[in-house]
1. What is the fewest-to-most order of Met152, Met130 by other Cβ atoms lying within 10 Å of their Cβ?
2. Give me the number: length gained by fully extending Ala144 to Ala112, i.e. 0.36 nm times residue separation minus the C-alpha to C-alpha distance, one decimal in nm.
3. What's the FRET efficiency of Asp65 with Val103 using the Cβ-Cβ distance as r and R₀ = 30 Å, to the nearest 0.05?
4. Among Lys25/Lys48; Lys61/Lys116; Lys70/Lys142; Lys61/Lys185; Lys25/Lys217, which pairs are too far apart, with a Cα-Cα distance over 28 Å?
5. What list do you get for Asp236, Asp227 if you sort them by fewest beta carbons within 10 Å?
6. Quick one: Met121, Met199, fewest Cβ neighbours within 10 Å first, how do they rank?
7. Before anything else, pin down the relative contact order of the chain: Cα pairs under 8 Å, at least 6 apart, normalised by residue count, whole percent.
8. Separation between the Glu38 and Ala24 pseudo-spin-labels, each 7 Å from Cα along Cα→Cβ, expressed in nm?
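Values quoted throughout were computed directly from the atomic coordinates according to the rules given, and no laboratory measurement underlies them. Predicted, not measured: the structure shown is a model, and the values here were computed from it. Because the Cβ atoms are built from the backbone with ideal geometry, glycine has one as well, and the counts that use them run over all protein chains shown.
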Amino acid sequence: MGRKWNNIKEKKASKDANTSRIYAKFGREIYVAAKQGEPDPESNQALKVVLERAKTYSVPKTIVDRAIEKAKGGSEENYDELRYEGFGPNGSMVIVDTLTNNVNRTASDVRAAFSKNGGNMGVNGSVSYMFDETAVIGVEGKSADEVLEILMEADVDARDILEEEDAVIVYAEPDQFHAVQEAFKAAGITEFTVAEITMLAQNDVTLPEEAQTKFEKLIDALDDLEDVQQVYHNVDLGE
């Protein structure tokens with residue numbers, strides 16, 4: 001089914017080195033989700049997803065509250081959700097999700113990051129067909145069999161359940177994100193190592209060392225852009 005979550009090291013590792021950047025990105029995402037619907041996660045599913053993700057990144061409550069209050073206050077700040085697709089070194093595939101208040105700036109910045117690091121932008125749909133939108137929820141302290149039993153009792157379907165390092169990771173359809181979490185909560189599990197709706201590559205590629213170094217610079221350059229929220233790719237970066 002594509003890549004195991006715990007093989008995607010840079011996803012979680014980046015939060016430790018760049019907490020202020022991660023918090024700023026979450027602040028923007030929470031604001032946008034709260035502004036697009038009700039500023040209450042119980043009646044706004046998009047906001048609920050973002051807040052669950054924020055917990056796994058230990059985003060401070062002050063940042064969450066500030067973003068929601070900003071949305072409640074009727075801020076006129078508007079953002080567009082845009083997705084860019086492209087190719088890195090050796091034909092590797094990259095998807096870039098952005099929230100921007102200046103489309104021209106963002107398009108230019110993303111294009112420059114690709115071109116300066118051995119890649120090039122593609123058209124919409126040029127790589128996304130090789131990825132699957134997937135809900136990913138991780139728990140600790142349970143075996144894969146125990147997790148399967150919890151989900152079966154709650155009548156919740158999963159694509160896959162894998163033991164990865166110290167956690168059990170559930171892969172499910174995006175619309176099952178909350179159902180999986182509710183099944184765990186009913187079983188007394190309230191903490192998650194990961195809680196994301198993400199894009200997982202159907203197949204990994206391994207790059208030669210020189211190309212991988214260039215690819216990692218491309219991903220770093222994209223991640224460093226203020227308007228970029230998420231970067232997905234199909235490269236196995238190894239340990």
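1. Met152, Met130
2. Using 0.36 nm per residue and subtracting the Cα-Cα distance, I get 7.2 nm.
3. Rounded to the nearest 0.05, the efficiency is 0.55.
4. Lys61/Lys116; Lys70/Lys142
5. Asp236, Asp227
6. Ranked by crowding around the Cβ, least crowded first: Met121, Met199.
7. Relative contact order, the chain: 26 percent.
8. Distance between label points: 3.3 nm.
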